[in-house]
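The values are calculated or read from the model by the stated rules, or taken from the named source; none is laboratory data. This is a predicted model, so every value here is computed, not measured. Here the Cβ positions follow ideal geometry from the backbone for every residue, glycine too, while neighbour counts run over all protein chains shown. We work out accessible area using only protein heavy atoms, side chains counted, and drop any ligands, DNA or RNA first. Shrake-Rupley method; radii C 1.70, N 1.55, O 1.52, S 1.80 Å.
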Amino acid sequence: MSSTADDHVTFSDLSRHPKEVAERATRLGRVRVTHRDAVDFYLTAADRQDLRDESLSAASRLFLALLKHDRSARTLMLAMPDVFPWVRHLSEQETKEFTVELAEVLSDAAELDADLAVRETLAGWRATARIKADPAAYRAAQAPTEGDFGTVGFGV
């Protein structure tokens, strides 16, 4: 969704003029509420969000049904380079694995509100394609390692 000045309000605007902001959100579908001391959030009409949820659910069910009837995932795999051009750096088997995994996590997002799994799946496969796109970096990544590399951090 593209962004314009009309679809942004400050948290102060929301607290001072809630009715006007709610009317704007209804008219536009949603408004982004910015807050200098916290993450931004969207104020969205519930019926609009329900429609978005239905759309995601229908799309994910369609993808899963295609996979059910075509275990090779050929139909979806043919579309993958149009949607994710970087898959050209993946093998055919990796592209199939990515396709199946993506369909599954899209279903989880639609049915279980597990949206983060989609982002993680895309980021993981994009990182795989990125390293494979650079033959020298890919060879280095496959080289055996030795020793203790220290504590692994789990920060974002």
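Some observations on this one:
- Count of residues meeting criterion [within 20 Å of D53 (Cα to Cα), touching a residue at least 40 places away in the same chain (Cβ under 8 Å) and surrounded by fewer than 18 Cβ atoms within 10 Å (Cβ to Cβ)] in segment 107-140: 1
- Checked against (1) in contact with a helix residue (DSSP H, G or I) (Cβ under 7 Å, 6 or more places away or on another chain); (2) open to solvent by 80 Å² or more (accessible area, probe 1.4 Å), E23 meets all criteria but (1).
- Residues (under 21 Å from E92 (Cβ atoms) and assigned to a helix (DSSP H, G or I)) located in segment 126-138: R126, A127, T128, A129, R130, I131, K132, A133, P135, Y138
- Flag for E104 being in a helix (DSSP H, G or I), loosely packed, with under 15 Cβ neighbours inside 10 Å and charged (D, E, K, R): no
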